[in-house]
1. Output yes when any residue across region 87-97 is touching a Leu at 6+ places or on another chain (Cβ under 7 Å) and either aromatic (Phe, Trp, Tyr) or open to solvent by 30 Å² or more (accessible area, probe 1.4 Å) (or both), and no when none is.
2. Check off (1) open to solvent by less than 20 Å² (accessible area, probe 1.4 Å); (2) modelled with pLDDT of 95 or more for Asp357 and give me the number that stays unchecked.
3. Looking only at region 263-281, count how many residues are closer than 21 Å to Gln74 by Cβ, of a type in the set (Val, Ile, Thr) and surrounded by fewer than 23 Cβ atoms within 10 Å (Cβ to Cβ).
4. Say whether the condition of being closer than 24 Å to Val166 by Cα, crowded, with 19+ Cβ neighbours inside 10 Å and among the basic types (Lys, Arg) is met by at least one residue in region 395-402.
5. If we keep just the residues of region 231-247 that are open to solvent by 30 Å² or more (accessible area, probe 1.4 Å) and touching a residue at least 24 places away in the same chain (Cβ under 8 Å), which is nearest to Glu322 (Cα to Cα)?
6. From the list Ala218, Ala239, which residue is in a strand (DSSP E or B), within 21 Å of the chain's Cα centre (by Cα) and closer than 30 Å to His423 by Cβ?
7. Which ranges mark the strands (runs of 3 or more DSSP E) fully within region 281-391 that have 3 or more residues being closer than 30 Å to Pro233 by Cα?
Amino acid sequence: MSESAARVFARLSTDEPVTRTRTLMAKAVVLGGSLAGLLAARVLSDHAESVVVVERDSLPPAAAARPGTPHDGQLHTLMHGGRMQLQRLFPGFEEEARAGGAIVSSPYTIRAYADGVPKVSDGAMGLISSSRPFLEALVRRRTLALPNVKVLTCRAIGLEFRGDAVSGVRCGPVSRPGSGVGSGVGSGVGSGVGSGVGSGVEEWVEDADFVVDAMGRASKLGDWLEKAGWERPAMRRMAIDIDYATGYFRRTTSDPELAAAIAYRTPTAIPPRVASGAITAIEGDRWLITLANYGKQPPIRDVDEFRKLCGELPPVYREAVEGEQLGDILTYHQADSRRRDYHLLKRFPARLISLGDAVASFNPIYGQGMSSAALHASALSHYLRSAPDLRRHARAFFADQRVVVDAAWQISTAADLARPDVHGPYPRGYRLTKWLAEQMAEASVTDREVAVRFNSVTYMRSHPSSLAAPATLLRALRVNRSSRKPRRERG
């Protein structure tokens, strides 16, 4: 009897230490050095004699932006589910983050507002509040400090196959303006040179016993598979056309009573100038504030307008923008959410997987990206610790990963489909799912027990199916009926 989706999700989101690891291969290659790739490399370090991370950008040694992440200046949230996985993979991670200036929040230092109404605290789940470059730099430092992990700065341009399995990655040098080919070495502790790098080398093959695609939304894996005669995964898209504007402001308190806040508005036929606003205290005694809008509105670029719009949100936003502005307002546009359904492929090479945004990326406003990547890494760890036959398609991994992707996709697309400007595709059972989500969201504003269960799902700690438990649903209905009754009587 197969596991239910809820049981799979619970297994992957566990906070138990990683044990029972053993070496399964000589060399693993990870394509992409962002957060998803680094977490995959960390998992593979338990099972490979050596791990090579192929990354075309020189990885910065500190909390600096990478050229390959144009959105890294926007707000990124490490949800509770992702937070637990980083603590599993890197013991002491939270203490190190706190020592570097991040705010490790309690549930009582997080505030949420629904149409201006404060929501009750769940009293259970907190966040790590920091900038994306800070968090990624800490993961990078911990991963590249491992003695069997190194970075190779080059371009991945294809795959090599032997029979029904991947056997290597075709690489080429990176051209730098005025410098010819790339250096071949990624910066950072523990990085080193892969084979084949040298002056005048045009192309070479990095032999590999296992390959992970972590190339992000623009992954070329489907093209490479199709060119080699394999199936390419179908891609599903949902148009969201959402814009973000992010500002940084000086924070006067180093240990604020408020660590993070989210304020969202119910979608309306005429889109508001600000559909949602998020604020978080980050390292360097700064506030990071992101305002999101939709409906083909012009981007918010002017700081005076930014401050004015924050003044229309709950008071914490107005207070945060009173400080010194630090840098320009940063904007970002995302046209769609997308997913590639690798789990549906009947023919797929052995010793190859894909994870992170290369598989699924969602509306960033829901903060699922980093936590999804962490849960994909947990799925990889479980797969490699289950004594798999690496000569065969990693079907078990993709089945587990699908549960994570489905959960995040359901959460984000249900909210996006509630917008009047988004017109499908509507999943099977959408009306029932929408009604259920609305009941839970409404009851979570005032009832702590429902808030715990609702936030456990939105913070990627529990599977969405847990909200359909009869006791939870009945409680939400009673709470909502009670809260609506006085309004009807007054009418």
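The values are calculated or read from the model by the stated rules, or taken from the named source; none is laboratory data. Keep in mind that this is a model prediction, so the values were computed, not measured. Virtual Cβ from ideal backbone geometry, glycine too; neighbours counted across all protein chains shown. Surface accessibility is based on the protein's heavy atoms, side chains included, excluding ligands, DNA and RNA. Shrake-Rupley method; radii C 1.70, N 1.55, O 1.52, S 1.80 Å.
1. For region 87-97, residues touching a Leu at 6+ places or on another chain (Cβ under 7 Å) and either aromatic (Phe, Trp, Tyr) or open to solvent by 30 Å² or more (accessible area, probe 1.4 Å) (or both): present.
2. Going through the list (1) open to solvent by less than 20 Å² (accessible area, probe 1.4 Å); (2) modelled with pLDDT of 95 or more, Asp357 breaks only (1).
3. Residues that pass the stated criteria total 1.
4. Within region 395-402 (the criterion being closer than 24 Å to Val166 by Cα, crowded, with 19+ Cβ neighbours inside 10 Å and among the basic types (Lys, Arg)), the answer is yes, since at least one residue qualifies.
5. Filtering first and then ranking leaves Asp241.
6. Answer to the selection: Ala239.
7. On the way: elements: 286-294, 330-340, 352-354.
Fully inside region 281-391 and qualifying: 330-340, 352-354.
The rows are residues; the columns are (1) in contact with a Lys or Arg (Cβ under 7 Å, 6 or more places away or on another chain); (2) open to solvent by 40 Å² or more (accessible area, probe 1.4 Å); (3) part of a helix (DSSP H, G or I).
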position	(1), (2), (3)
Asp406	no, yes, yes
Gln410	no, yes, yes
Gly424	no, no, no
Pro427	no, yes, no
Ser462	no, no, no
Arg478	no, yes, yes
